[in-house]
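All remarks here apply to the structure that follows.
The values are calculated or read from the model by the stated rules, or taken from the named source; none is laboratory data. No experiment lies behind these values; they were computed from the predicted model shown. With ideal geometry, Cβ positions are generated from the backbone for all residues, glycine too; neighbour counts draw on all protein chains shown.
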Amino acid sequence: MSHRPETEAELAQLVRDLPGPVSVRGGATRAGPAAGPEIRTGGLSGVVLYEPAALTLVVRAGTPLSQVEAVLAAEGQRLPFEPGDWRAVLGTEGTSTIGGVVAENASGPRRVQAGACRDSLIGVRFIDGRGDVIANGGRVMKNVTGYDLVKLMAGSRGRVGVLTELSFKVQPIAPAQATVIVDVPVGAAPAVLSAALGSPFDVTGAAWVAGQGALLRVEGLPGSVAYRSKELQNLLSALGAARIEDDAAIWTAVRDVAPLAGLPGDLWRFHLRPSQAGAVAARIGGAVMLDWGGGCLWARVPRGVDARAIAAPFDGHARRMSGTGLAPADPPEPQAVARITDGLRAAFDPRGIFSGDADADVLYP
Amino acid sequence: MEMPPPDPAILSRKDQIVAGLRAILPADAVIDDPVETRAYECDALSAYRCPPLAVVLPRSTAEVAAALRFCHEQRVPVVPRGAGTSLAGGSMPTADSVVLGVARMTSVLEVDYADRFIRVEAGRTNLSVTGAVESAGFFYAPDPSSQLACAISGNIAMNSGGAHCLKYGVTTNNLLGVTLVQMDGTVVTLGGPFTESGGLDLLGLVCGSEGQLGVVTEATLRILPKPEGARPVLIAFSANDIAGACVADIIRAGILPVAIEFMDRPCIRATEAFAQAGYPDCEALLIVEVEGSAPEIDEQIALIRQIAARHTPIEFREARSEDEARRIWLGRKAAFGAMGQINDYMCLDGTIPVSALPEVLRRIGELSREAGLEVANVFHAGDGNMHPLILYNANTPGDLERCERLGAEILKLCVEVGGCLTGEHGVGVEKRDLMRVQFRPADLEAQMRVKDVFDPRWLLNPAKVFPLDASAARRAA
Ligand SMILES: Cc1cc2nc3c(=O)[nH]c(=O)nc-3n(C[C@H](O)[C@H](O)[C@H](O)COP(=O)(O)OP(=O)(O)OC[C@H]3O[C@@H](n4cnc5c(N)ncnc54)[C@H](O)[C@@H]3O)c2cc1C
Ligand SMILES: Cc1cc2nc3c(=O)[nH]c(=O)nc-3n(C[C@H](O)[C@H](O)[C@H](O)COP(=O)(O)OP(=O)(O)OC[C@H]3O[C@@H](n4cnc5c(N)ncnc54)[C@H](O)[C@@H]3O)c2cc1C
């Protein structure tokens with residue numbers, strides 16, 4: 001059974017009337033088809049307010065990501081956190097919604113400089129499990145009025161409430177960009193990425209891709225980009241052969257995890273201490289890609305293998321993004337954290353309406 | 001402003017409570033002498049004061065946990081405290097509460113330049129976090145003007161901002177992890193020196209929760225490499241709305257200054273009299289600061305000059321030396337001190353959409369004339385965070401009340417045009433009773449449910465943030 005409300009009020013009524021658990025889906029480009037009843041957000045679509053001179057966008061949650069990006073691009077602006085298109089690497093179809101992006105706190109390479117999705121999100125409206133409309137944050141950039149439920153909702157994966165409306169701080173598209181490529185193996189990459197991120201040259205992307213090497217992006221005014229890429233090249237050539245490229249497609253590929261698309265095996269993502277990325281990559285073996293200066297490591301491993309166990313020890317978090325192995329998609333939370341998480345979910349959703357996905361690995365095989 | 005009456009049962013058990021605390025904490029960590037506890041009777045919102053029952057100053061997370069566990073059992077309210085510089089009454093006690101100060105927890109626990117983070121005890125001051133990493137060319141970005149005194153714990157609780165947050169964000173954008181002690185003594189680690197922990201963003205929820213969800217004892221903070229240089233320009237205009245339009249154009253052009261500060265005529269006049277910074281005679285002025293190497297700064301300033309020219313400024317002054325840069329900032333930095341010289345003042349902190357700037361300034365002018373109190377405006381124009389300063393005389397009976405009424409009207413105006421009550425100082429007790437202007441009952445209820453989860457007995461900083469009648473049932477339970 002699939003519900004597709006057209007308004008926030010209709011959605012609120014629907015939740016109030018629901019007899020039992022549902023799954024929430026935007027475009028279902030990431031979460032697999034729901035096992036039971038689902039709510040589709042596609043009917044809640046469209047831009048509510050866009051003020052380019054204030055760098056603010058308010059948009060309904062079911063709006064396709066591509067439409068959000070087109071509206072912004074028409075004014076020379078963009079979402080700072082650079083969300084990707086993962087359909088190829090996940091082997092899925094459909095249309096990602098901005099609500100799905102927020103519900104996953106999905107962020108791309110620019111996270112190292114502009115922050116994650118949650119850092120650009122300045123306001124939310126959502127329906128909780130009682131069917132109440134809840135607003136938090138707003139449309140201004142600086143706001144500490146009351147608790148920050150905006151952060152709670154970013155990354156909440158449809159398990160606290162259904163997002164209906166989102167406000168973002170957006171940014172101008174930089175007029176110029178360049179990439180310094182340093183030819184090093186993955187084991188040496190974290191040192192190169194850290195050297196660049198520890199320099200004053202304002203790096204907005206720091207990745208490692210097999211066959212290319214360490215990739216460092218700078219963006220900004222043309223003179224500044226020329227200056228900083230040259231300085232970075234000088235700084236990093238002590239660590240490996242360094243050259244400058246101006247092909248922006250390098251970063252579309254990193255954003256979309258394209259180097260790992262079409263390969264066999266399960267897809268895993270690690271969030272870890274950057275300096276541990278080299279050792280973790282070595283332990284895992286197979287195909288890997290680094291982003292966020294080494295703070296994010298992507299890996300393809302043979303089906304069913306527990307990459308989390310192989311990678312240990314490391315500080316951080318590993319999530320299985322595809323496949324149906326014996327290892328859970330997410331590791332269990334420490335007891336004290338789980339107690340709070342469970343308490344919050346019960347507080348917002350006492351009937352467990354948003355637990356449709358709770359026990360399932362919401363993953364494409 | 002009203003506070004709930006102290007619980008007589010707790011007041012009458014004072015000796016027993018203090019003895020209980022002494023039994024579990026080192027002798028010098030518990031203060032109950034009325035002369036000494038007076039030092040904790042207020043924060044920087046000094047119009048309101050009340051000495052606490054007792055003060056505890058633990059030296060470790062374990063001691064914090066022991067003190068909280070005891071107060072939890074005894075059902076004694078606890079008010080967490082950093083340096084006491086809150087402008088919202090956030091760390092102001094009640095007579096039946098124990099103040100838990102983290103001022104003795106100031107150590108640096110770990111610094112890692114490769115992974116770009118520092119882990120500190122939460123009582124460390126903001127400026128001394130930067131001090132610990134400066135020699136390696138790094139800094140901690142959020143820089144509230146109180147940074148010499150304020151503690152990281154207070155910054156986290158208030159989600160504090162600073163002059164450079166247009167580029168670097170506020171505390172929540174630079175916080176990687178905390179150790180949090182819940183009211184029942186449970187120690188929780190949230191986040192760490194990595195980007196995400198999976199699960200709900202509890203760290204984001206704790207940041208800005210005004211000491212109501214737990215006591216923060218350690219923090220992992222992102223550190224950044226220092227830019228090569230910085231340079232301010234000063235642009236003077238003949239009208240507020242022209243200055244406002246210029247701000248909008250700078251932002252649209254894709255330049256990302258680290259700061260855009262705005263001062264109106266009353267503010268310029270007062271600071272000139274006080275600091276003699278040599279500001280031009282004008283209705284409004286902007287200070288715009290950009291960063292980078294010298295040629296990069298030149299490139300950005302050339303663009304800003306072009307944009308400003310479209311708005312026929314009275315003057316465009318570019319700093320050609322360190323000394324000229326200092327003079328450009330001098331008046332801005334002296335603004336609050338200048339106001340303090342001529343008058344008592346109340347500093348507001350609402351945020352508005354940048355586009356509403358001219359209208360809001362006009363209406364503040366009208367409200368100010370109606371109330372018969374002068375208002376000077378100095379604020380972070382890039383992000384719409386306003387700091388109207390209402391001038392009053394504390395010795396004139398009724399003036400404080402008039403001033404507070406005008407303040408409430410101005411904050412309501414901020415909300416009406418699409419903004420909020422507070423951009424960086426927090427709600428505390430000061431804006432508590434205005435919360436319904438911004439939030440519907442369901443919105444407030446949702447926030448209070450979060451507190452129910454972290455602190456079911458509502459003992460941590462209970463009489464803050466939420467209108468007293470909204471939280472009454474929970475506090476009484
Ligand atoms: C764990 C994970 C992390 C990701 N991280 C990144 C990343 O870092 N960078 C990147 O570029 N891409 C990322 N993606 C991929 C991409 O952003 C997603 O494909 C896209 O967000 C999904 O949009 P969708 O509309 O298809 O959502 P769906 O696939 O339909 O749903 C995805 C999840 O969001 C929830 N959800 C969807 N809409 C709402 C709503 N309105 N309210 C509440 N919950 C909702 C669902 O319940 C489900 O849990 C990530 C995906 C996942 C699963
Ligand atoms: C002159 C001046 C200039 C200022 N400039 C700025 C500015 O530019 N930007 C800005 O944002 N603010 C500014 N402030 C406000 C104030 O400095 C900030 O709110 C600061 O973060 C408070 O820190 P503190 O250590 O003094 O906290 P306190 O005043 O001690 O406490 C503030 C809040 O934090 C809670 N708290 C403290 N410690 C803990 C802990 N360990 N665990 C949990 N909760 C805790 C308290 O309960 C209280 O609610 C200014 C204040 C002054 C006096």
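Okay, here's what the table says:
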quantity: Single residue of A:Arg243, A:Arg228 found to be assigned to a strand (DSSP E or B) and more than 26 Å from the chain's Cα centre (by Cα); calculated: A:Arg243
quantity: Residue list for the range B:296-337, filter: part of a loop (DSSP other than H, G, I, E, B) and among the charged types (D, E, K, R); calculated: B:Arg310, B:Arg320
quantity: Candidate set: the range A:149-173, residues that are touching a residue at least 40 places away in the same chain (Cβ under 8 Å) and of a type in the set (D, E, K, R); chosen: the one farthest from the other protein chains (Cβ to nearest Cβ); calculated: A:Glu165
quantity: Every pair of residues 6+ apart whose Cβ atoms lie under 7 Å, when the first sits in the range A:32-61 and is in the same structural domain as A:Ser96 (by TED's automatic domain parsing) and on the phi > 0 side of the Ramachandran plot while the second is in a helix (DSSP H, G or I) and at pLDDT below 95; calculated: A:Leu55/B:Ile251
quantity: Selected residue (only one of B:Glu374, B:Glu401 is within 20 Å of B:Arg265 (Cβ to Cβ) and more than 22 Å from the chain's Cα centre (by Cα)); calculated: B:Glu374
quantity: Pair list, Cβ under 7 Å, 6 or more apart: the range B:239-256 residue without any contact (Cβ under 8 Å) to a residue 24 or more places away in the chain, other residue crowded, with 24+ Cβ neighbours inside 10 Å; calculated: none
quantity: Hey, A:Gly146 within 10 Å of chain B (Cβ to nearest Cβ), within 16 Å of ligand 2 (Cβ to nearest atom) and among the small types (Gly, Ala, Ser) or not; calculated: yes
quantity: Qualifying residue in the range B:127-149 (condition: without any contact (Cβ under 8 Å) to a residue 12 or more places away in the chain, within 10 Å of chain A (Cβ to nearest Cβ) and more than 24 Å from B:Ser86 (Cβ to Cβ)); calculated: no
quantity: Residue match in the range B:272-295 (condition: away from chain A (no Cβ under 13 Å), of a type in the set (Asp, Glu) and in a helix (DSSP H, G or I)); calculated: yes
quantity: Residues being facing chain A (nearest Cβ under 10 Å), within 22 Å of B:Met1 (Cα to Cα) and crowded, with 24+ Cβ neighbours inside 10 Å - total across the range B:412-437; calculated: 10
quantity: Every residue from the range A:140-153 that is of a type outside the set (Asp, Glu) and in contact with a helix residue (DSSP H, G or I) (Cβ under 8 Å, 6 or more places away or on another chain); calculated: A:Lys142, A:Val144, A:Thr145, A:Gly146, A:Tyr147, A:Leu149, A:Val150, A:Lys151, A:Leu152, A:Met153
quantity: Test for B:Val247: is it touching a strand residue (DSSP E or B) at 6+ places or on another chain (Cβ under 8 Å), closer than 26 Å to B:Thr351 by Cα, crowded, with 24+ Cβ neighbours inside 10 Å and within 14 Å of chain A (Cβ to nearest Cβ); calculated: yes
quantity: Members of the range B:184-212 that are more than 7 Å from chain A (Cβ to nearest Cβ), buried (at least 23 other Cβ atoms within 10 Å of the Cβ) and over 13 Å from A:Ile340 (Cα atoms); calculated: B:Glu210, B:Gly211, B:Gln212
quantity: Condition met for B:Ala277 (more than 16 Å from ligand 2 (Cβ to nearest atom), surrounded by 18 or more Cβ atoms within 10 Å (Cβ to Cβ) and not basic (Lys, Arg)); calculated: yes
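For (1) among the polar types (S, T, N, Q); (2) touching a residue at least 40 places away in the same chain (Cβ under 8 Å); (3) away from ligand 1 (no atom under 13 Å from the Cβ), each residue gets a yes or a no:
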| position | (1), (2), (3) |
| --- | --- |
| A:Gly108 | no, yes, no |
| A:Val112 | no, yes, no |
| A:Gly115 | no, no, no |
| A:Arg118 | no, no, no |
| A:Leu121 | no, yes, no |
| A:Gly129 | no, yes, no |
| A:Asn136 | yes, no, yes |
| A:Lys142 | no, no, yes |
